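These notes concern the structure reproduced below.
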Amino acid sequence: MYKLNLNVAEFLTQYWQKKPLVIKGAFTNFIDPIGADELAGLACEEEISSRIVLTKERDWEIIQGPIEDYDQFGEKNWQLLVQAVNHWYPDTAPLIDAFRFIPDWRFDDLMVSFATQGGGVGPHIDNYDVFLLQGEGTRRWRVGAKGDYTPRGGDTNTALIDDFDPMIDVVLEAGDMLYIPPGYPHCAETLTTALSYSIGFRAPSQQELFSSIADHLLDTNTGLKRFTSSSEPKSASTVPFEHQQGMLSQINELFNQPEFYQTALGQLLSQNRFELDLSTPDTPYNLDDLNHALSEGAEVHRVGGLKVLQLEGDSNKLFINGEVFNCEQLKQSDITKLADTFALDNQQATALCQSSKIKELILALLNRGYYYLA
């Protein structure tokens, strides 16, 4: 349904994580997968992250959701942003699928915004890659060069900056798209009432990586080797540079042994920042229920936003929402099929379930609410 007009190989070589790109006509005859009313309905829900940004004369005010009354904001100078719409609105799934030339572990969420004339969030810098796709309406985007910018009001906890000189100044219409790598300042001004889509991709920080691996070592009671030295300093109060490097080499040693880091990585990368709309059955399914459903033509779908990952070099596991599923007795082709496919049609699901072991795995995923019968 959504075919991206992009030379992927050229994009990955010349632009991905390197420099911004305007892609006019990225989607031909683009149709919004969600309407303003549906988006406003999502913003009413407590478990869904949403906010209103009010554009003022020289500032922006943020009102955190849930949002139920929009009359108070008037007809201009405000914007509604709803995070992880792909978790809650299945009709957005085909749009996400168009961006799977970037691996699933990087995908963060689909944020959708509705903006009135003059609405925007101000000049800011993100620490992740984002594709900004225009739906109905028009917005003017400005993008600056990388550099040292002053945080707005001196607040280092905000992504907002004072301003920048644009190297890109473009008006996006329905189906147009702008790609922005981390570190490039940008801002938007809504020219006519607009729906916009932010498809974000994020990598873990050093803090997140260290924390996850440390937690895994503690949980598994591993990484117990202690530092030893071949010489000691003359001064009892001195920690020699040789000792400092020796201790750090202990950490580096762990990073060179996959058994110490792979599980931690799989768990970290398969987790979501935003809540999932889990589809836990009222009564747990059993194998007979699954067999009957498949015989009646059921399909097996994963819930929106769920990450199902494999790690190269550790093919006997699937990592799903921070959990580890042992797949030692499963065929590699079946594991890959399950990981690669958002929605298994009846023929695909029935073929996979010829294996009793993968049928048990699918049953476990259904009962956890990670998958559902459609």
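The values are calculated or read from the model by the stated rules, or taken from the named source; none is laboratory data. Just so it is clear, the model here is predicted, and its values are computed rather than measured. Neighbour counts run over all protein chains shown; Cβ positions are idealised from the backbone, glycine included. Quick note on the areas: whole protein, heavy atoms, side chains included, nothing else; ligands and nucleic acids left out. Shrake-Rupley method; radii C 1.70, N 1.55, O 1.52, S 1.80 Å.
Taking the stretch 232-249, which residues are open to solvent by 70 Å² or more (accessible area, probe 1.4 Å) and assigned to a loop (DSSP other than H, G, I, E, B)?
Answer for the stretch 232-249, where residues must be open to solvent by 70 Å² or more (accessible area, probe 1.4 Å) and assigned to a loop (DSSP other than H, G, I, E, B): Glu232, Lys234, Ala236, Ser237, Val239.
If only one of Leu12, Leu42 is open to solvent by 30 Å² or more (accessible area, probe 1.4 Å) and within 20 Å of the chain's Cα centre (by Cα), which one is it? First the steps, then the outcome.
Working: Leu42 fails: open to solvent by 30 Å² or more (accessible area, probe 1.4 Å).
Going through Leu12, Leu42 in turn, the sole match is Leu12.
Residue check: is Arg273 of a type in the set (Lys, Arg), surrounded by fewer than 13 Cβ atoms within 10 Å (Cβ to Cβ) and more than 30 Å from Arg140 (Cβ to Cβ)?
Answer is no for this residue.
State whether the residues of the stretch 85-104 include one that is surrounded by 15 or more Cβ atoms within 10 Å (Cβ to Cβ), within 30 Å of Glu312 (Cβ to Cβ), in contact with an Asp or Glu (Cβ under 6 Å, 6 or more places away or on another chain) and not aliphatic (A, V, I, L, M).
Yes, the stretch 85-104 contains at least one residue that is surrounded by 15 or more Cβ atoms within 10 Å (Cβ to Cβ), within 30 Å of Glu312 (Cβ to Cβ), in contact with an Asp or Glu (Cβ under 6 Å, 6 or more places away or on another chain) and not aliphatic (A, V, I, L, M).
Of the residues that sit in the stretch 322-373 and are basic (Lys, Arg) and under 18 Å from Leu294 (Cβ atoms), which one is farthest from the chain's Cα centre (by Cα)?
Lys357
For a quick check of your reading of the model, give me the residue pairs whose first member lies in the stretch 28-47 and is within 16 Å of Gly175 (Cβ to Cβ), whose second is of a type outside the set (Lys, Arg) and open to solvent by 80 Å² or more (accessible area, probe 1.4 Å), with beta-carbon atoms closer than 8 Å and at least 6 apart or on different chains.
What qualifies is Asp32/Glu136; Pro33/Asp91; Ile34/Asp91.
I'd like the full set of residues that are closer than 14 Å to Arg139 by Cβ and among the aliphatic types (A, V, I, L, M), limited to the stretch 81-125.
Hits for the stretch 81-125 are Leu81, Val112, Ala115, Val121.
Does Ala374 fit the bill of being touching an Asp or Glu at 6+ places or on another chain (Cβ under 7 Å), touching a residue at least 60 places away in the same chain (Cβ under 8 Å) and small (Gly, Ala, Ser)? Give the derivation first.
Numbers: touching an Asp or Glu at 6+ places or on another chain (Cβ under 7 Å): yes; touching a residue at least 60 places away in the same chain (Cβ under 8 Å): yes; small (Gly, Ala, Ser): yes.
Yes, satisfied.
Is at least one residue of the stretch 324-337 within 22 Å of Tyr89 (Cα to Cα) and not charged (D, E, K, R)?
no
Exactly one condition in (1) at pLDDT 95 or above; (2) under 30 Å from Leu276 (Cα atoms); (3) surrounded by 15 or more Cβ atoms within 10 Å (Cβ to Cβ); (4) of a type outside the set (Val, Ile, Thr) is not met by Leu172; state its number.
Only one criterion is unmet by Leu172, namely (2).
Would you be able to tell me the number of residues in the stretch 331-374 that are out of contact with any Ser or Thr (no Cβ under 9 Å at 6 or more places or on another chain) and either charged (D, E, K, R) or on the phi > 0 side of the Ramachandran plot (or both)?
Total meeting the criteria: 6.
Any residue in the stretch 107-123 that's over 25 Å from Asp165 (Cβ atoms) and aliphatic (A, V, I, L, M): show its pairings with residues that are open to solvent by 10 Å² or more (accessible area, probe 1.4 Å) and at pLDDT 95 or above at Cβ separation under 7 Å, as long as the two are six or more apart or on different chains.
Leu110/Asn86; Leu110/Ile96; Met111/Gln83; Met111/Ser198
Could you list, in sequence order, the residues of the stretch 266-317 that are touching a residue at least 12 places away in the same chain (Cβ under 8 Å), over 21 Å from Pro90 (Cβ atoms) and hydroxyl-bearing (Ser, Thr, Tyr)?
Residue satisfying the conditions is Ser315 alone.
Looking only at residues that are open to solvent by less than 20 Å² (accessible area, probe 1.4 Å) and in a loop (DSSP other than H, G, I, E, B) in the stretch 277-304, which one is farthest from Gln83 (Cα to Cα)?
Per the criteria, the residue is Ala298.
Could you list, in sequence order, all residues of the stretch 258-275 that are under 28 Å from Glu46 (Cβ atoms) and out of contact with any Phe, Trp or Tyr (no Cβ under 8 Å at 6 or more places or on another chain)? I'd like the intermediate steps shown before the answer.
Here is the first cut: in the stretch 258-275, the residues under 28 Å from Glu46 (Cβ atoms) are 267-275.
Result: Leu268, Gln271, Asn272, Arg273, Phe274, Glu275.
Filter the stretch 221-231 for residues that are surrounded by 10 or more Cβ atoms within 10 Å (Cβ to Cβ) and free of Cβ contacts under 8 Å to residues at least 24 places away in the same chain and give the result.
Selection gives Phe227, Ser229.
Going residue by residue through the stretch 336-356, is there one that turns out to be farther than 30 Å from Glu208 by Cβ, part of a loop (DSSP other than H, G, I, E, B), acidic (Asp, Glu) and open to solvent by 20 Å² or more (accessible area, probe 1.4 Å)?
Yes, because at least one residue in the stretch 336-356 is farther than 30 Å from Glu208 by Cβ, part of a loop (DSSP other than H, G, I, E, B), acidic (Asp, Glu) and open to solvent by 20 Å² or more (accessible area, probe 1.4 Å).
Asn252 passes all but one of (1) modelled with pLDDT of 95 or more; (2) assigned to a helix (DSSP H, G or I); (3) under 29 Å from the mean Cα position of the chain (by Cα); which number fails?
Tallying (1) modelled with pLDDT of 95 or more; (2) assigned to a helix (DSSP H, G or I); (3) under 29 Å from the mean Cα position of the chain (by Cα), Asn252 fails exactly one: (1).
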